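Any read-out appearing in this document is the output of simple, stated calculations on the displayed coordinates, not a laboratory observation. Note that the structure is predicted; figures quoted are calculated from it, not measured. Positions of Cβ are backbone-derived with ideal geometry, glycine not excepted, and every protein chain shown enters the neighbour counts.
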Amino acid sequence: MNDSVNSENQIDPYGELERLFHEPKRLAILSHLAGTEGGLTFREIRDLCDLTDGNLNRHLKMLVDAEVVRIQKDFVGARPRTTVFLTDNGRQGFMKYLDALETVLKLASDSARSKPQDRTLDASKSASKELSADNQPETSAKGS
């Protein structure tokens, strides 16, 4: 059974949060790549995502191995240039991830904005009512 499908055969949005995309720096890399068809150079991605060359290489290797991005190496004059492109499968997977993330964020927002049922609060309200009733002046049958 797929981990992202629950016992009622409904898709579990939390299970759809692909770990490959969920890491913050890879999320930044893919977000920038998704906004361009012509790809971005290694240097552009490094600077946009505030990464070192080594860290960017490590993230790109994971994305290339998963066939999310492809790398094209060529020369501009005598200087090498590495350009990174989001693959069609990478774009589809990233969009699926973003849809799941949007659903999860909506669930979390709705949950955080709703008033939780706090049984201890209900119990303290009952206790307050009892205390208020105990503090009322007693009416005596003698005075009537």
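Starting from a Cα-only point model with no solvent, please compute log10 I(q)/I(0) by Debye for region 39-112 at q = 0.13, 0.15, 0.24 1/Å.
-0.51, -0.64, -1.08
In region 23-81, what GluC sites (Glu not before Pro) fall in a loop by DSSP, with at most 14 other Cβ atoms inside 10 Å?
Listed in order of number, the matching sites are Glu37, Glu67.
What is the local net charge at Ile29, summed over the other residues whose Cβ is closer than 10 Å to its Cβ (Lys, Arg +1; Asp, Glu -1)?
With Lys, Arg at +1 and Asp, Glu at -1, the net is +2.
If R0 is 22 Å, what FRET efficiency do you get for Ser114 and Glu23 from their C-beta distance, rounded to 0.05?
After rounding, the FRET efficiency stands at 0.15.
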